[in-house]
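For reference, the structure discussed in these notes is given below.
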Amino acid sequence: MSFIETIKTDMYSAMKSGEKDRAGTLRTLLAKLKDRQIQKGQAITVLEGLAVIKTLAKQRKESIELYLQANRIDLADSESEELRVLETYLPKMMDADKTRHLVEKIISETGANGMGDIGIVMPLVIQQGRGMVDGKIANNILKELLA
């Protein structure tokens, strides 16, 4: 079963069991995945699908922060629920210690020694992390180590 078919099946299950919020989130996700497929002109890979989900998850996280700053707890809770649903389709992210180890390894491999080398190291961290590295955490660790 393809990546999109799995999500579609989960959406139908949520609809049948009356989970309106989950079904709505999955419906939005399917629309975004199909948009990506149309833009590409062919079926998307699992990695491309994960990139779409990560983008949606990042948007939800940013929305939660903004809603909390505006003291809109109801909207923040709604976004949190959508984020929880999206995260079930993402691989488990590396914790800060593993991310630090990866960043240190790449710094030593590249010989990076200053803030000007962030543009060299960061793409390698993301590439070698294979979708399991939180870019924000990796960037903070990288800045700390190169400062």
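The values are calculated or read from the model by the stated rules, or taken from the named source; none is laboratory data. Since we're looking at a predicted model, the values are computed, not measured. Neighbour counts are summed over all protein chains in view; Cβ atoms, including those assigned to glycine, are modelled from backbone coordinates with ideal geometry. Heads up: the accessible areas ignore ligands, DNA and RNA and are worked out on the full protein's heavy atoms, side chains in. Shrake-Rupley method; radii C 1.70, N 1.55, O 1.52, S 1.80 Å.
Taking the chain as a Gaussian network of alpha-carbon nodes connected by springs under 10 Å, the highest mean-square fluctuation of the residues GLU79, GLU109, GLU48 belongs to GLU109.
Placing R0 at 22 angstrom, the Cβ-Cβ distance between ILE126 and ARG27 gives a FRET efficiency of 0.15 after rounding to 0.05.
Over the chain, accessible surface divided per residue gives 63 Å², non-protein components excluded, 1.4 Å probe. In sequence order, region 17-28 has phi-based couplings of 8, x, 8, 5, 5, 5, 4, x, 5, 5, 5, 4 Hz under the Karplus curve 6.51 cos²θ - 1.76 cosθ + 1.60, θ = phi - 60°, and Gly or Pro positions carry x.
Counting only protein heavy atoms and using a 1.4 Å probe, what share of the accessible area of the chain belongs to carbon plus sulfur, as a whole percent? Don't skip to the answer; put the middle values down first.
On the way: 4930 of 9250 Å².
Carbon and sulfur together cover 53 percent of it.
Cross-link partners for LYS32 among the lysines, with Cα-Cα distance under 28 Å and sequence neighbours closer than 8 places in the same chain left out: LYS8, LYS16, LYS20, LYS40, LYS54, LYS58, LYS61, LYS92, LYS136.
A dipole drawn for the chain from +1 and -1 charges on Cβ atoms has a positive end, and of THR6, SER78, ILE38 the residue lying farthest that way is ILE38.
With kT/(6 pi eta Rh) evaluated at 25 °C and eta = 0.890 mPa s, and Rh the Kirkwood radius from Cα pairs, region 82-147 diffuses with a coefficient of 200 µm²/s according to Stokes-Einstein. For region 97-145 versus region 32-73, the inter-centroid distance based on Cα atoms is 24 Å.
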